[in-house]
Every structure is written in C-alpha cells, then in structure tokens.
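Structure first, then comments.
Computed from the coordinates by the stated procedures, all read-outs in this text should not be read as laboratory data. Just so it is clear, the structure is predicted and the values come from calculations on it, not from any experiment. Note that each Cβ is placed from the backbone with ideal geometry, even for glycine, and that neighbours are counted across all protein chains shown.
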Amino acid sequence: MSKVQRGNISEYLPADCMSGSTLWIGGKWEAASDGRTFDTVDPATGNPIISISRAGAGDVQRAVDAAKIGAKVWAELDGMQRAGIMRKAAELIREHRLALGALDSIDSGKAISETSGRNTDGAAGMFDFFSGITDKIRGSVIDMGPKKTGLVEREPYGVVGAISPWNFPMTNATTKIAPILACGNALILKPAEQTPLSALLLAHLLDLAGLPKGVFNVITGLGAEAGAALVEHPDVPKISFTGSTATGRRIAAAAGERLKSVTLELGGKSPFIVFDDADLDTAASGAVTTVFMNQGQTCTSCAKVLVARPLLAAFIEKCKERVAKISIGDPLDPSTDLGPIVSQQQLDRVNRLLSEGVAAGATKLALSAKYSPMVGGCFIAPLIVTDLDPASSLAREEIFGPVMSVSPFDNDEEAYAAANDTEYGLAASVWTSSLARAETARRAINTGIVWINCVHTLSLNTPVPGRKSSGLGSEYGWEAVDNYMRLKTTVTMFGDYKGLF
Ligand code: ADP
C-alpha cells in the first residue's frame, strides 16, 4: 500500500471541493447560497482539514429541484441500463480504493487498512449486489374474477433523502445510495458533518460511471439545518436515516407530522452471551472483535458481555491477551489497527459515561495494548469494566467507545433477562456448543439479528432489522426493495361497470 499523507488531501478530492464548493447539485459543484462554510476536523491531530459548504434550506430546495429532474431521467432507463451504470460505479470504487480510504481515514480516524480494504470492498459490493436487482423487480396480478384485472406494481418514490452518520462514512452512505438507485429513485445524501469527504469523491465517481445529472446529489451541512430541511421538504416522500436513536426519534416525529415513510437504523446495547459450554478462545476473539473494532463505534457492537460465572476470570484473561496485540495510533499507518475516536465531543461522551459508571461502583481493568496516541488527537485506550450497576448510564446507554462491560450470570434465564433488559433490540451474539441452547437463546432474545457462535458475520443479502428503539425497517438484502419502492394497485375493468347510483 502506498503511503497516504495528511497534506495530500487535494490528490483525493475533486478540485472544486478544495475551494469550499462541496454541494453536488444537478451534476455541478456549488457553494452554499449564503456562502457559509464549516471545517471538517482530523480527529487524529485536531487540525482542520478543509472548508465544507454549510447548506441551508435554500440549498436543499435547489437539490430537490435537481433531483426531481434526475428522477424523471432515471425512470426512463430500464433495469439493465441502470445495472450497467451501477456495475461501473462498483468498478470505479475499487479502482479508487486508496483515495476513498484516505478520505475516510483522515476525516473519521478509522485505520487506513480498514477504510481502503474491507470498507471499500463493502461499498463496491453494495453496487454490485443491488445492480443485480434493478432488472428483477416484479409486481403481481390479482385474481378479481371475470372482466376485471388487478395489478400490483412497485414504483420508486421519486426523490429519497438519505442521512448518514460518521462511524462508517463510505459504507453507510453506499448502503443507502445503491439500493435507492437500484429501485429507480433519485436521492439527496446528507453525510455527517464530521465526515463528509468520501461522499464527495463518491459523487464524482458516480458521475464518471455515467449516472445522469441530478440522480445523485450531496448536501453537506449540519443536521439541524440541512438534515432537518431535507426531512421537512414536501417533495421528499421517503427518508432513510442511520444514526443515534435520539436523532432518529426527532426525524421520525418530523416525518410523522408530514406522514412520510422513514427507514431508521439506530443505536443498540447489544448483548454477547458466553455460556459455560462455549469454546472460550473463539468467544474471546469474538468479544474483542465486536467491542474494539472501529474503536467501539459500531451500532451492532455487542459490548454488553455476559459470561457464565465459572468462566469469568479465564474469559477476561483471554480477552486481555488478545487486546495486547491491538495497535492503536496513526490511522494512516498501514500497520495500525485502530485510530482515534471520531471527535472530541464523542470522546467526552465516552469519558462521561465511564466516570458515571465508576461513580456507581464499576471497576476499570487496565489493558495493555500497543497504544501510541498522537498529540492533539481524540485517542482512548481500550478498557474492560466490571461490577457494573445495571441501573447506571454506563450499563444502559450505548457507549460507542472501546469499552467492554463484563458481568457474570448464574443460569440461562438470568442471561436472557439481562440481554433483554434494554430499550434497544438490534443485535446479540451467543456462544454455546449446545444446539438446544442456541435455539432457545435465539428465540428468547428480542433483537433483530442473533449471531450464534459468531459476531458481525453478515452478507449483503442479510437484513439487520432493528427492534424496539433500534430502528424501523432494514437496509440490507432484498428487503431494501420494500423500503425504497411503494406499491401501486391498478384495477382495469373490461366489462360494463355498474355503479351504486
Ligand atoms: P451524533 O449525535 O453521533 O453526531 P446523529 O445521529 O445526530 O449522530 O447524526 C447522524 C446524522 O444525522 C448526521 O448526518 C447528522 O447531521 C444528521 N442529523 C442530526 N440531527 C438531525 C436532524 N434534526 N434532522 C436531520 N438530520 C439530522
């Protein structure tokens, strides 16, 4: 891998973006109409990266106007033609893996080995997977008796608003872009203000792939301004959001007021259960992976670890041994496993939850990792906490930092009760060598996804449907078609219509 340098940002971004015009509207780079900007900050150094256009409601209006034109052009292409453009996009994403990875790493602090590797493969894979459904969308014919035909078709919404978070910038954006396009919609993406850069290069690559102007638009800006204007816009009938539960509730309320459809991928407080018959080495590997990957900033992270009491000490030892091999430091160094937390604000939040947990009696276990924080960066070393008060904020809120909470349990029922004692219902991971226990567990745990003897094992065809406060709908897999298309029923009569009056 050639070395990515912080100073080389202009090599990775379209030239117009370097001068603060980062709104991609109707196939052109534009500045905010009132000229406002904000800085995106490198969390590894605390230094500003570049100025980003701060869109307001007027800019969102321009994007909606462009997207409405784009939606018409896109609808005139057949599925095969749309698939061709999407496959080309996948190819270009793979070709530009280093640039896309560099932008995500500089902007979010994620390790370059991940952003230019797994994350880029995932982004390209999204376009490949969904290019495969563009020409396979079907409706149905309803038997209505003689002289009548009932047709049920799927139609795109037209213009979809997509609002994405900072924890996997490129992956979360493409998880929305690819199915929305595949279903025949135009879209306006509002990337997180902390991490807008990879979306700008994606806009350029989709343009190169031949996507008609106006089909994909990017509005950079703040959530309460650009994001809210998108949610409130009357000509955007569908909103797809990934982010915190608090913001998800706000968006759902605004969308509910206007009766528009929303898909929400929100937070979690997901359990990781190690039964007394589990393979302890593999379970420890799974736990360290799910808790510490991406510095804990993963919505499906199963960081609430519940261990059968007799295994507790051995399990913690095995986790410690694995954590000792993780290197934390400069995200641009190809040998780094983990970088900083995305922002000072998030780091402060993690530290606040830790202090509140300790004040409520929790014990912090020091872990030795290869920890080389950079000056001015938002770094935090991995931690295990025990003796948690189940009522404390540390035990109940999503931490979104590299903190594994470990609690013992004495019987299976106690483990299920602890697993379900949360407002969230996103994911769970269960470790056992008993088939009967695995079956019982997956039925007992009230989450959208349950992993048995694995964790984060997904394919593009696997839905992750959040329950309770973790979401509405699901983005991955064929189910995305239900998110991004709406039904239309047509009844045709070819006999004599007889009215009531
Ligand atoms: P965090 O609180 O961790 O920054 P959020 O869930 O608030 O995460 O942010 C996820 C995305 O939602 C970002 O793109 C952000 O700009 C956007 N956002 C935040 N608030 C709103 C809002 N009121 N309306 C629409 N989008 C919003």
Q) Roughly speaking, what is the centre-to-centre gap between the range 364-417 and the range 324-342 when only Cα atoms are used, to the nearest Å? A) 19 Å
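What shape does the chain take by its C-alpha gyration tensor, where a ≥ b ≥ c are the square roots of the eigenvalues and a/c under 1.5 counts as rounded, a/b above b/c as prolate, and the rest as oblate? Mind dumping the intermediate values first?
Values: a/c = 1.99, a/b = 1.29, b/c = 1.54.
Verdict is oblate for the chain.
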Q.
I'd like the distance between the alpha-carbon centres of the range 105-138 and the range 168-215, rounded to an integer number of Å.
A. 11 Å
Q) Which peptide among 374-382, 198-206 comes first, and what is the full order, when sorted by highest mean count of other Cβ atoms within 10 Å? A) 198-206, 374-382
**Q.** Relative contact order (%) - the range 271-452, alpha-carbon pairs under 8 angstrom, separation at least six
**A.** 29 percent
**Q.** Fraction of beta bridges assigned by DSSP in the chain that are antiparallel (%, nearest 5)
**A.** 40 percent
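State which entries of 28/88; 147/260; 28/488; 3/320; 110/318; 28/238 exceed 28 angstrom in Cα-Cα distance in the structure shown.
147/260; 28/488; 3/320
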Q. In bins 10 Å wide, starting from 0, what share of all Cα pairs of the range 330-376 does each bin hold, as a percent?
A. 21, 41, 32, 6
Q: Post the alpha-carbon centroid distance, the range 448-501 to the range 41-66, in whole angstrom.
A: 32 Å
Q) Among 52-59, 322-329, 165-172, what's the highest-first ranking by average C-beta atoms within 10 angstrom per residue? A) 165-172, 52-59, 322-329
Q: Provide the per-residue ³J(HN,Hα) series for the range 36-41, in order, calculated from phi with Karplus coefficients 6.51, -1.76, 1.60 and θ = phi - 60°, each as a whole number of Hz, with x at glycine and proline positions.
A: 6, 9, 9, 9, 8, 10
Q: Please work out whether the range 11-120 counts as rounded, prolate or oblate from its C-alpha gyration tensor, where a ≥ b ≥ c are the square roots of the eigenvalues and a/c under 1.5 means rounded, while otherwise a/b larger than b/c means prolate and anything else oblate?
A: oblate
Q.
Explain nothing, just compute: Karplus ³J(HN,Hα) = 6.51 cos²θ - 1.76 cosθ + 1.60, θ = phi - 60°, for every residue of the range 48-54 in order, whole Hz, x for Gly and Pro.
A. x, 9, 8, 7, 10, 5, 9
Q) Between residue 439 and residue 492, how many nm apart are label points set 7 Å from Cα along the C-beta direction? A) 5.0 nm
**Q.** Between 0 and 90°, nearest 10: helix 79-95 axis offset from the chain longest Cα axis
**A.** 40 degrees
Q: Once you have all Cα-Cα distances for the range 271-452, histogram them in 10 Å bins from zero and send the whole-percent values.
A: 10, 39, 36, 14, 2, 0
**Q.** Cα gyration tensor shape for the range 419-485, rounded if a/c is under 1.5, else prolate or oblate
**A.** oblate
